[in-house]
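**Q** Before anything else, here's the structure in question.
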Amino acid sequence: MTRFSDDLFVRNKREADLVEYAKRLATEIEKTAGKYDEHGEFPFEHFALLEKEGFFKLTVPKKYGGDEISLYEMLLIQEQLGRADASTALSVGWHLLTFLNVRETSPWPEEAFERICRAAVEDGSLMNILSTERGKGNLSRGGKPGTIARKTTGGYIITGEKAFASLAPILNHFSITAYFEDEDVTAEFLITKNEQVEVINTWNALGMRATGSHDIIFHDVFVPEADLLAKLDASRPNRFLADGRVYSLEIPAVYLGIAGAARDYAVDFAQNTYSYSLGDYISTAAHIRQKLGEIELLFQSSRNLLYSIASRFEQDPSLKNMLANDVNIAKHVICNNAVEIVAKTMRIVGGRSIAKGNKLERLFRDVQCAAFNPPQDDLIIEQLAAFILSKGVKEEISV
């Protein structure tokens with residue numbers, strides 16, 4: 001069998017080419033990642049590069065001019081980008097995820113989706129779905145949006161606000177969820193930025209500092225009738241529930257990238273740091289080798305988990321609504337493993353790893369944010385408990 005890469009998860013030439021493409025972009029982005037992290041500024045130059053290189057059309061359907069890459073391929077790309085700059089990878093990932101999700105589930109009117117797709121391909125327009133609000137919670141927690149939609153002549157008036165709106169500085173249009181009072185339902189609307197849409201620069205976080213995840217306020221924004229995208233059925237799972245959709249594997253893929261960057265840092269440091277007390281490189285020390293082995297165990301088990309789920313879905317797409325627990329587990333395990341990998345790397349490197357300007361210090365802060373991306377750990381554990389209890393015990397166990 002012909003091998004196209006030393007990476008066992010790269011299975012063919014197309015995937016090998018995509019990984020090389022992502023590595024090339026990552027190399028350029030990493031050069032200025034630290035600068036944008038330090039200042040908490042949105043990296044417009046990173047996105048200019050991504051647009052130039054056709055990144056924004058990767059998951060757009062071919063019929064609308066996109067590349068229509070698969071979930072598996074998206075994960076390979078995002079893992080590489082996450083190694084260079086997790087902020088850029090995570091924020092642009094929402095764009096990729098949105099098009100892949102809508103492409104596969106067809107929840108929107110086709111005319112509206114075509115408009116958005118062609119804008120991404122022809123104008124480099126980015127897309128995100130905003131559903132989180134301060135004090136109201138996230139739809140994945142069952143909250144009702146505080147953002148209100150009211151019917152008016154020719155369309156709707158939207159009033160309210162959204163928080164943690166990644167890509168806010170660069171978005172021209174995006175979808176939001178709002179409570180549609182007239183029908184007592186939560187609905188999704190396409191918003192085009194105008195003078196009634198106000199971005200408030202609130203994002204100043206510990207990690208993922210360059211995602212531009214600011215607040216957005218809607219001051220009686222008019223939305224035409226054609227831009228009502230969907231009404232959500234409260235009795236059925238919807239794609240906003242990230243724990244129930246395989247497409248959300250994009251999130252742990254980014255954190256796996258952070259883990260991979262830390263792993264490579266640890267190996268390079270151990271092999272090239274000479275200890276005069278040892279009379280050799282520290283890679284020969286038993287306690288360093290122990291940590292490196294533990295890092296590799298966590299890293300490889302994480303990669304196996306991520307790509308095995310994506311491969312199962314690829315082989316049988318009908319499984320997507322049966323993989324909720326697997327996706328939950330992947331998010332929990334991979335993200336927590338990434339946190340542990342970075343911590344172990346810092347123990348190998350020592351005190352210099354906490355210095356500002358050291359890449360590990362940035363990786364440490366970025367990886368902490370995994371706990372706050374959906375679904376969060378407590379929700380995952382509760383859902384797993386509910387699942388196993390719902391199955392019951394097949395037969396009584398006696399001793």
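**Q** So how many residues does region 160-173 have that are closer than 14 Å to LYS193 by Cα and in contact with a strand residue (DSSP E or B) (Cβ under 9 Å, 6 or more places away or on another chain)?
**A** Final tally of qualifying residues: 9.
**Q** Something else about it: Going by the structure shown, is SER353 under 30 Å from GLU104 (Cβ atoms), surrounded by 11 or more Cβ atoms within 10 Å (Cβ to Cβ) and polar (S, T, N, Q)?
**A** Considered against the rule, which asks whether it is under 30 Å from GLU104 (Cβ atoms), surrounded by 11 or more Cβ atoms within 10 Å (Cβ to Cβ) and polar (S, T, N, Q), SER353 comes out as no.
**Q** Give the residue, chosen from ARG303, ARG312, that is under 23 Å from VAL10 (Cα atoms), of a type in the set (D, E, K, R) and free of Cβ contacts under 8 Å to residues at least 24 places away in the same chain.
**A** Of the residues listed, the single one that is under 23 Å from VAL10 (Cα atoms), of a type in the set (D, E, K, R) and free of Cβ contacts under 8 Å to residues at least 24 places away in the same chain is ARG312.
A quick yes/no check of all residues on (1) modelled with pLDDT under 95; (2) within 24 Å of GLU79 (Cα to Cα); (3) open to solvent by less than 20 Å² (accessible area, probe 1.4 Å):
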position	(1), (2), (3)
SER283	no, no, no
GLN290	no, no, no
SER311	no, yes, no
ALA324	yes, yes, no
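**Q** Quick check on region 184-200. Is at least one of its residues touching a strand residue (DSSP E or B) at 6+ places or on another chain (Cβ under 9 Å) and within 30 Å of LEU363 (Cα to Cα)?
**A** Scanning region 184-200 turns up at least one residue that is touching a strand residue (DSSP E or B) at 6+ places or on another chain (Cβ under 9 Å) and within 30 Å of LEU363 (Cα to Cα).
**Q** For a quick check of your reading of the model, give me the residue pairs whose first member lies in region 330-356 and is within 17 Å of ASP377 (Cβ to Cβ) and in contact (Cβ under 8 Å) with a residue 24 or more places away in the chain, whose second is open to solvent by 50 Å² or more (accessible area, probe 1.4 Å) and among the polar types (S, T, N, Q), with beta-carbon atoms closer than 8 Å and at least 6 apart or on different chains.
**A** VAL333/SER301; ASN337/SER301; VAL339/GLN368
**Q** OK, next. Considering only residues that are out of contact with any Lys or Arg (no Cβ under 9 Å at 6 or more places or on another chain) and open to solvent by less than 40 Å² (accessible area, probe 1.4 Å), which ones fall in region 211-220?
**A** The answer is THR211, GLY212, SER213, HIS214.
**Q** Shifting gears a bit: Has region 375-386 got any residue that is open to solvent by 60 Å² or more (accessible area, probe 1.4 Å), more than 23 Å from SER91 (Cβ to Cβ), part of a helix (DSSP H, G or I) and hydrophobic (A, V, I, L, M, F, W, C)?
**A** Yes.
**Q** Out of all the residues in region 1-23, which are part of a helix (DSSP H, G or I) and either open to solvent by less than 90 Å² (accessible area, probe 1.4 Å) or in contact (Cβ under 8 Å) with a residue 12 or more places away in the chain (or both)?
**A** Once the filter is applied, which keeps residues that are part of a helix (DSSP H, G or I) and either open to solvent by less than 90 Å² (accessible area, probe 1.4 Å) or in contact (Cβ under 8 Å) with a residue 12 or more places away in the chain (or both), region 1-23 yields ARG14, GLU15, ALA16, ASP17, LEU18, VAL19, TYR21, ALA22, LYS23.
**Q** For ASP67, only one of the following conditions fails: (1) without any contact (Cβ under 8 Å) to a residue 24 or more places away in the chain; (2) within 18 Å of ARG115 (Cβ to Cβ); (3) not in a helix (DSSP H, G or I). What is its number?
**A** The one condition ASP67 does not meet is (2).
Matching residues to (1) in a loop (DSSP other than H, G, I, E, B); (2) surrounded by 15 or more Cβ atoms within 10 Å (Cβ to Cβ); (3) modelled with pLDDT under 95:
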{"residue": "ALA119", "(1), (2), (3)": "no, yes, no"}
{"residue": "ASN204", "(1), (2), (3)": "yes, no, no"}
{"residue": "GLY207", "(1), (2), (3)": "yes, yes, no"}
{"residue": "VAL223", "(1), (2), (3)": "no, yes, no"}
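**Q** Determine which single condition PRO107 fails, assuming it passes every other condition in (1) out of contact with any Ser or Thr (no Cβ under 9 Å at 6 or more places or on another chain); (2) of a type outside the set (Phe, Trp, Tyr); (3) at pLDDT 95 or above.
**A** All conditions are met except number (3).
**Q** Looking at region 34-64, which of its residues are on the phi > 0 side of the Ramachandran plot and free of Cβ contacts under 8 Å to residues at least 24 places away in the same chain?
**A** GLY54
**Q** Sticking with this one: List the number of the failed condition for GLN196; all other conditions in (1) under 30 Å from ALA48 (Cβ atoms); (2) at pLDDT below 95 hold.
**A** (2)
**Q** When you scan region 79-95, do you find a residue that is crowded, with 17+ Cβ neighbours inside 10 Å and within 21 Å of LEU228 (Cβ to Cβ), even just one?
**A** For region 79-95, residues crowded, with 17+ Cβ neighbours inside 10 Å and within 21 Å of LEU228 (Cβ to Cβ): absent.
**Q** State yes or no: is PHE44 open to solvent by 70 Å² or more (accessible area, probe 1.4 Å) and more than 23 Å from LEU130 (Cα to Cα)?
**A** Answer is no for this residue.
**Q** Assuming LEU389 fulfils every condition listed in (1) touching a residue at least 40 places away in the same chain (Cβ under 8 Å); (2) farther than 30 Å from SER70 by Cα; (3) exposed (fewer than 15 other Cβ atoms within 10 Å of the Cβ) apart from one, which condition is it?
**A** So LEU389 meets the others, but not (1).
The values are calculated or read from the model by the stated rules, or taken from the named source; none is laboratory data. Since we're looking at a predicted model, the values are computed, not measured. Cβ: placed from backbone, ideal geometry, glycine included. Neighbour counts: every protein chain shown. Calculation scope for accessible area: heavy atoms of the full protein, side chains included, ligands and nucleic acids excluded. Shrake-Rupley method; radii C 1.70, N 1.55, O 1.52, S 1.80 Å.
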